[in-house]
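Working notes, structure below.
The values are calculated or read from the model by the stated rules, or taken from the named source; none is laboratory data. Computed from a prediction, not measured in an experiment: that's the story for all the values here. Note that we place each Cβ from the backbone using ideal geometry, even for glycine, and neighbour counts take in every protein chain shown.
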Amino acid sequence: MSQHNYYVENELGRLRKLIIHSPDGGIGKIIPGTFADNLYDDIVHLESMQKEYNHYVKLLLYFLDREKIEYIKNYQDTAPAEKKAWCFIPGKTEYFNSDKVLDTQQLLGEMIKDEKIKLRLISAICSYEESSFAIQQKLEQITDAAFLAKVFITGVLPAEANGTDEDQFIFPPVPNFIFTRDIGIMVKDHILLSRMATVARRRESLLTKFLSLYNFFKTDPQKVMEIIEESDFFLYEEEERKHRIISIEGGDVMMIHPKHFVIGCSIRTSSSAVNEIIHTIFSKPELGIEKISVVKIPKNRAQMHIDTIFTQVKRNVWVLYGRFSERILRDEHISRHSYINKLSHQFRPLEMEQVEILQYYKPAGEPYIKTKEYSITEKLPGIESLLRKISVEDFGAKPEEVKIIYSGGNVFPHDEREQWTDSCNVVALKEGVVIGYDRNDMTAEAFKAAGFQVLTTTEAFEKFENGTEPDSMTDTLILLPSAELSRARGGSHCMSMPLLRDVL
């Protein structure tokens, strides 16, 4: 495949192609007793969530595939009321079927039209899920590829396919598949496959591996980077294996600049994985990456990936959770001397906000030596320093021009409440035009104070219909309805896996 079909070297270039996944029926099967297993904190109302997600899809189509907006409008003008949202769901004849806004279910359906790939994927999934041979045979007999793709994701074999009067659960659902950022990340014209940290998401990794090898890069499989444990991993005792386990999730990976790669070490991305990723990236001179920054964060549920703490808005603008700003913490500490630090181990800033930045540098053109240490001796004090340095050194911004927009306006308790509902997790449609959640009011006010216009999706759609071109929009935060979407614990950055962005 040409790199012009799949290529990402920054977080800001005009978005041209991405992978999403519309909320499927599996989300509607989560019960309170399985919250922990499925990484949820609350029950989500599926239909309301799908309606909110439709705003996201429509916004993406306005920017990436405007022709499909007309298709949707024409369909919805004539469709019965109960079918008006169907065009947003893959597998339906009314689906808009964009080649720029790609849904995982649609991609799987297209891929498994090849009988050899279909049988190989069925075998892989059934082996992983320890299904019976009878189930495997039933799946092999399904000839409708779109129908089978839905089964792979929802885990439900409908009554008409299993020869009974009721639907049959054959696999657990994958209710986090909506967060496609985590399934893999484009590193220029290569893809780094994720290796999910939790059982609830591992079928996602398997499906993404097949899509990468048999769809996106089927003629260029060497561009698929797969990180696994060392060959002697299984010889170690159980406790030692825990320290050597490889887990990678895309929310911890940012292809931030053509020469600078950022990766988080978190509750979801292990130190062993980070180690192997550094070796892998530096051993590929064709990638041209000279610097790798590792952001080590505490292993907290609320900040599960680095993109829940910060994302980039413009070359000189970032949105950040203030409790992870070393400057803010320092200013709070020196504003009044506190004796509590020495008296108590429970004082909040001592543990929760501690981060560490590690940086590694390999000059372009220098052959990679696996035994050589490439550490940068200068130690950065924290995340805010890293963000400012990226803006200045990588993007050429003047130090005084760098802006940090803080979650909740950095006012307690709004900062924590809104970080929980992904105020710092925005995705750029183009530089300066980002998508956020409408429930993060104080963060939206902070964007306004930084010179951004703030629009709801409805207001944005009205502008587009009245002649405003999406490409003409600048410095704008567009807010999605998010009462239900936010309950799933991920924002717009989480819900997108860019495959193609413009070079800045």
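Details
- When the residues of the range 325-383 are filtered to those that are at pLDDT below 80 and of a type in the set (V, I, T), the one that is farthest from V294 (Cα to Cα) is I340.
- Every listed requirement among (1) crowded, with 22+ Cβ neighbours inside 10 Å; (2) of a type in the set (D, E); (3) without any contact (Cβ under 8 Å) to a residue 12 or more places away in the chain is met by E459 save one, (1).
- Residues satisfying the stated conditions in the range 4-19, i.e. part of a strand (DSSP E or B), within 15 Å of the chain's Cα centre (by Cα) and not aliphatic (A, V, I, L, M): K17
- The residue that is surrounded by the fewest Cβ atoms within 10 Å (Cβ to Cβ), among those in the range 65-114 that are among the aromatic types (F, W, Y) and assigned to a loop (DSSP other than H, G, I, E, B), is Y95.
- Count of residues meeting criterion [over 14 Å from the mean Cα position of the chain (by Cα) and either of a type in the set (V, I, T) or surrounded by 23 or more Cβ atoms within 10 Å (Cβ to Cβ) (or both)] in the range 198-210: 3
- Number of residues in the range 252-284 that are small (G, A, S), surrounded by fewer than 24 Cβ atoms within 10 Å (Cβ to Cβ) and touching a helix residue (DSSP H, G or I) at 6+ places or on another chain (Cβ under 7 Å) equals 1.
- You will find that of V454, V434, V392, the residue that is at pLDDT 95 or above, out of contact with any strand residue (DSSP E or B) (no Cβ under 6 Å at 6 or more places or on another chain) and either buried (at least 19 other Cβ atoms within 10 Å of the Cβ) or hydrophobic (A, V, I, L, M, F, W, C) (or both) is V392 and no other.
- Test: K51 is among the basic types (K, R), assigned to a helix (DSSP H, G or I) and surrounded by 15 or more Cβ atoms within 10 Å (Cβ to Cβ): yes
- Check on L386, within 17 Å of F310 (Cβ to Cβ), at pLDDT below 95 and either part of a helix (DSSP H, G or I) or touching a helix residue (DSSP H, G or I) at 6+ places or on another chain (Cβ under 6 Å) (or both): no
- When residues of the range 208-261 are limited to those that are of a type in the set (S, T, N, Q) and in a loop (DSSP other than H, G, I, E, B), the one farthest from V317 (Cα to Cα): S231
- Cβ pairs under 6 Å, 6+ apart, first in the range 149-165 and under 19 Å from R120 (Cβ atoms), second among the small types (G, A, S) and in a helix (DSSP H, G or I): A149/G109
- Of the residues making up the range 33-92, those that are hydrophobic (A, V, I, L, M, F, W, C) and in contact with a strand residue (DSSP E or B) (Cβ under 8 Å, 6 or more places away or on another chain) are V57, L59, L60, L61, F63, L64.
- Failed item, numbered, when T164 is tested on (1) within 32 Å of the chain's Cα centre (by Cα); (2) not in a helix (DSSP H, G or I): (1)
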